[in-house]
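Input: a single structure, listed below in structure tokens.
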Amino acid sequence: MNEAISELGKRVKYLRRLKNLTQAQFAEKVGLSVNYISQIETGLANPRLRTLLTLAQGLDVEIKGLFEPGQSVPIKSMELERGRKEEQ
């Protein structure tokens, strides 16, 4: 098993749990099977870029938030921050 894929899976699981979503709820939200979500979270699946984008959107994070622990700021928070900077 690839360490990067394993870490990605752990990150997805962590972010999903922060949203208080079960695998079934998250799978329904993003349009993927529960089995595939499980495989991603356990590092058994190597998701394509399109799937990573779908996962990130479902978790309300930028795609980089799936890879970097410090980058899990919700998209909505980032949009608000950008709006504040533009107003200044």
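Tabulated results
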item	result
Looking only at the range 1-33, and only at residues there that are in contact (Cβ under 8 Å) with a residue 12 or more places away in the chain and not in a helix (DSSP H, G or I), the one that is surrounded by the most Cβ atoms within 10 Å (Cβ to Cβ)	Leu32
Some residue of the range 53-71 being at pLDDT below 95, among the aliphatic types (A, V, I, L, M) and under 12 Å from Tyr14 (Cα atoms)	yes
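The values are calculated or read from the model by the stated rules, or taken from the named source; none is laboratory data. Since the structure is predicted, the reported quantities are computational estimates derived from the model, not experimental observations. Glycine gets a Cβ as well: all are built from the backbone with ideal geometry, and neighbour counts include every protein chain shown.
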